[in-house]
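The values are calculated or read from the model by the stated rules, or taken from the named source; none is laboratory data. On a predicted model such as this, the values are computed, not experimentally measured, just so you know. Reconstructed Cβ throughout: ideal geometry from the backbone, glycine too, with neighbour counts over all protein chains shown. Surface areas here come from the heavy atoms of the whole protein model, side chains and all, with no ligands, DNA or RNA. Shrake-Rupley method; radii C 1.70, N 1.55, O 1.52, S 1.80 Å.
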Amino acid sequence: EVQLVESGGGLVKPGGSLRLSCAASGFTFRSYCMNWVRQAPGKGLEWVSSISTDSTYIYYADSVKGRFTISRDNAKNSLSLQMNSLRAEDTAVYYCAKHLRRNTVEDAFDIWGQGTMVTVSS
Amino acid sequence: DIQMTQSPSSLSASVGDRVTITCQASQDISHYLNWYQQKPGKAPKLLIYDASNLETGVPSRFSGSGSGTDFTFTISSLQPEDIATYYCQQFEDLPFTFGPGTKVDIK
């Protein structure tokens, strides 16, 4: 079964850091670009970051650029998001999501994890 | 950035009704448009990709059409399990952007 499982969410103070992880299984992880998408409570979906298959190409939303770092370990079938200088407006459910097609940077997201909640509050 | 708008923001329809949602992009995105369904407390689910292609396993009552800047998502016969929020998303250019969503419920 194709599956993505996020972990690492929690409560953190403004200015703090948190590292999210996403464990992938059931597909050839190294062949697909991966993404983080977030959803603030009661709000819509916001793309956060994407990473190409070999980590050559990395993209961020302006709202997180310079504070968040996406990375992947193809040997361990895992995706990560290091979040620094967290702000209240970063409070959201964070989803990892897989691209539909192999080796394309721009694509639909066909598999999503269950999400992990990040709360930034003092 | 490419801005996405959707209408209506919410709708209420009867079981068996035909439901149509529109999505408009702020610039030409060709066919690079996807539709997702999100039920409360759940992750989004891909329904339609490339504007009109039905994702594997998705019921045929769901369909999509359009190109350029104007797109349509249709549920041909609304079912109780279709209660959800539906989002369009463009992937013509980064940053990928989503529409604000359309909440569908049963009348």
Listed by first then second residue, the pairs whose first member lies in the stretch B:1-14 and is under 15 Å from residue B:75 (Cβ atoms), whose partner is open to solvent by 40 Å² or more (accessible area, probe 1.4 Å) and of a type in the set (A, V, I, L, M, F, W, C), with beta carbons under 9 Å and at least 6 positions apart or on separate chains, are B:12/B:106; B:13/B:106; B:14/B:106
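Hey, does the stretch B:82-90 have a residue that's buried (at least 16 other Cβ atoms within 10 Å of the Cβ), among the aliphatic types (A, V, I, L, M) and outside any strand (DSSP E or B)? Step through it out loud before you land on a result.
Going through the stretch B:82-90, the residues buried (at least 16 other Cβ atoms within 10 Å of the Cβ) turn out to be B:82, B:84-90.
Keeping just the survivors that are among the aliphatic types (A, V, I, L, M) gives B:84.
Checking which are outside any strand (DSSP E or B) leaves us with none.
No; the residues of the stretch B:82-90 include none that is buried (at least 16 other Cβ atoms within 10 Å of the Cβ), among the aliphatic types (A, V, I, L, M) and outside any strand (DSSP E or B).
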Across (1) open to solvent by 60 Å² or more (accessible area, probe 1.4 Å); (2) under 21 Å from residue A:42 (Cα atoms), residue B:43 clears everything bar (1)
The lone condition residue B:60 fails out of (1) surrounded by fewer than 21 Cβ atoms within 10 Å (Cβ to Cβ); (2) among the polar types (S, T, N, Q); (3) assigned to a strand (DSSP E or B) is (3)
Taking the stretch B:37-66 and the residues there that are at positive phi and in contact with a Leu (Cβ under 8 Å, 6 or more places away or on another chain), the one that is nearest to the other protein chains (Cβ to nearest Cβ) would be B:50
Within the stretch B:1-16, residues outside any loop (DSSP other than H, G, I, E, B), open to solvent by 40 Å² or more (accessible area, probe 1.4 Å) and either under 16 Å from residue B:37 (Cβ atoms) or out of contact with any Asp or Glu (no Cβ under 6 Å at 6 or more places or on another chain) (or both) come out as B:5, B:7, B:10
The residue from A:43, A:65 that alone is within 24 Å of residue B:32 (Cα to Cα) and either outside any strand (DSSP E or B) or among the hydroxyl-bearing types (Ser, Thr, Tyr) (or both) is A:43
- For residue A:73, are the conditions met, namely being at pLDDT 95 or above, surrounded by fewer than 17 Cβ atoms within 10 Å (Cβ to Cβ) and acidic (Asp, Glu)? yes
Note to self: Residue under question is residue B:74, and the condition is that it be more than 11 Å from chain A (Cβ to nearest Cβ), in contact (Cβ under 8 Å) with a residue 40 or more places away in the chain and within 10 Å of the chain's Cα centre (by Cα); does it hold?
What the structure shows: yes
By residue number, the members of the stretch B:93-102 that are open to solvent by 30 Å² or more (accessible area, probe 1.4 Å) and either more than 7 Å from chain A (Cβ to nearest Cβ) or assigned to a strand (DSSP E or B) (or both) are B:93
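Residues in the stretch B:34-45 that are within 9 Å of the chain's Cα centre (by Cα) and either in a loop (DSSP other than H, G, I, E, B) or hydrophobic (A, V, I, L, M, F, W, C) (or both): how many?
Total meeting the criteria: 1.
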Scan the stretch A:21-32 and tell me whether some residue there is assigned to a loop (DSSP other than H, G, I, E, B) and either exposed (fewer than 15 other Cβ atoms within 10 Å of the Cβ) or within 11 Å of the chain's Cα centre (by Cα) (or both).
yes
Considering the stretch A:89-122, residues that are assigned to a loop (DSSP other than H, G, I, E, B) and in contact with a helix residue (DSSP H, G or I) (Cβ under 9 Å, 6 or more places away or on another chain), and then whichever is least open to solvent (accessible area, probe 1.4 Å), we arrive at A:121
Going through (1) over 13 Å from the mean Cα position of the chain (by Cα); (2) assigned to a strand (DSSP E or B) one by one, residue B:48 fails only at (1)
